[in-house]
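See structure below.
Each reported figure results from applying straightforward, stated rules to the coordinates on display, with no laboratory input. Note that the structure is predicted; figures quoted are calculated from it, not measured. No Cβ is skipped: glycine too gets one built from the backbone with ideal geometry, and neighbour counts run over all protein chains shown.
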Amino acid sequence: MTDSDWGDWLPRAVADADPDTVALWYLGCNGFAIKGSEGTVLWIDPYVGTGDPPRTVRMIPVPFDPADVDVADAVLATHEHTDHVHGPSQAPILANTDADFVAPDDSLAVAREEERWTDEYAVDDEAFLEITEGDEVAIGEFTVHVVETHDPDATHPVGYVIEHPSGTVFHAGDSKPSASFSGLAERFDIDIGILAFGSVGMIPDKETGEPVETKWYSDENEIAAAAANLALDRLVPTHWDMWKGLTADPTALHEHVRSRSHPNQLDVVEIGDRLDL
């Protein structure tokens, strides 16, 4: 992990904000900080690592130092991959704020066993909250529903439907279109849906180092279908900015979603941008 390219302005922006409804800050990759009108703050999949060059090469700034984050009620992980569970990115937030780390079993195994957060950082085991599909967790003013997703590259991925009196946000992690999405549309009126999007590219194989055709995220048609199945009001594509060789142009999605019933709006955000419900 490198030092922040932006100093501490982004954590300060989150800490100082007083949203009327719910504010969301895009952290790049698939990360978000979410703050409610009563001051509850969730951090979802924050990652400030540089990847594993030359296989995975970070293409965007490191927007904050986790040691500068002093406002957090929970850090949520969607699955066990390193850009979603990463001790240097997340453990300092827990240590500074006494926030809980909310995650499925395989993600907690990374924190507990592989990276040993309780040994390497000032984090107690009591901070780890294991969740699974079907769970409902109250975190301050938010009600967080843990839901099924479809990410065949992960061993136990989940998504989070985050309800607030002002509206509902869905973070799908790295999910591609899922058979569960139409059911979520029936259960929830989702205002903002966060879905991973990227291109197909040539990425060095982990074992051989030889470039292989790689597809980790939904393409244009898949993300458009997922947004329609979820009946999203607003679609926020993510992850398109992160890895060299897999970046994509989110503005191209306008043509892919324009004839569908949903989403009603495409929100293209860059790292550091703020959205409001």
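Some notes on this structure:
- Among S37, S107, S218, the residue with the largest mean-square fluctuation in a Gaussian network model of the chain, with springs joining Cα atoms closer than 10 Å, is S37.
- Distance from the alpha carbon centroid of the range 138-165 to that of the range 94-135 works out to 16 angstrom.
- Shape analysis of the range 98-250 based on the Cα gyration tensor places the equivalent ellipsoid semi-axes at 26, 25, 12 Å, largest first.
- Amide H to amide H distances under 5 Å link T168 with D191, I192, where only residues 5 or more positions off or on other chains count and H is placed in the peptide plane.
- A Gaussian network model of the chain, with springs between Cα atoms under 10 Å, assigns the largest mean-square fluctuation among E210, E141, E120 to E210.
- The orientation-averaged projection of the convex hull spanning the C-alpha atoms of the range 79-180 amounts to 6.7 square nanometres.
- The range 9-268: antiparallel DSSP beta bridges as a percent of all, rounded to 5: 60 percent
- Within the range 149-215, antiparallel bridges make up roughly 75 percent of the DSSP beta bridges whose residues both belong there.
- Among the listed pairs K35/K215; K176/K206; K35/K206, a Cα-Cα separation exceeding 28 Å is found for K35/K215; K35/K206.
- Residue separation of A252 and W6 scaled by 0.36 nm, minus their Cα-Cα distance, works out to 85.7 nm of gained length.
- Between V57 and S166, the FRET efficiency estimated from the beta carbon spacing at R0 = 25 angstrom works out to 0.10.
- Ranked by the mean number of other Cβ atoms within 10 Å per residue, highest first, peptides 237-245, 44-52 order as 237-245, 44-52.
- Counting only DSSP H runs of at least 4 residues, each contributing -39500 (n - 2.57), and dividing by the residue count of the chain, the helix-based mean residue ellipticity at 222 nm comes to -4500 deg cm²/dmol.
- Across the range 138-149, rounded Karplus estimates of 3J(HN,Hα) from the backbone phi angles (6.51 cos²θ - 1.76 cosθ + 1.60, θ = phi - 60°) give 8, 10, x, 7, 9, 10, 10, 9, 8, 10, 6, 9 Hz, Gly and Pro being marked x.
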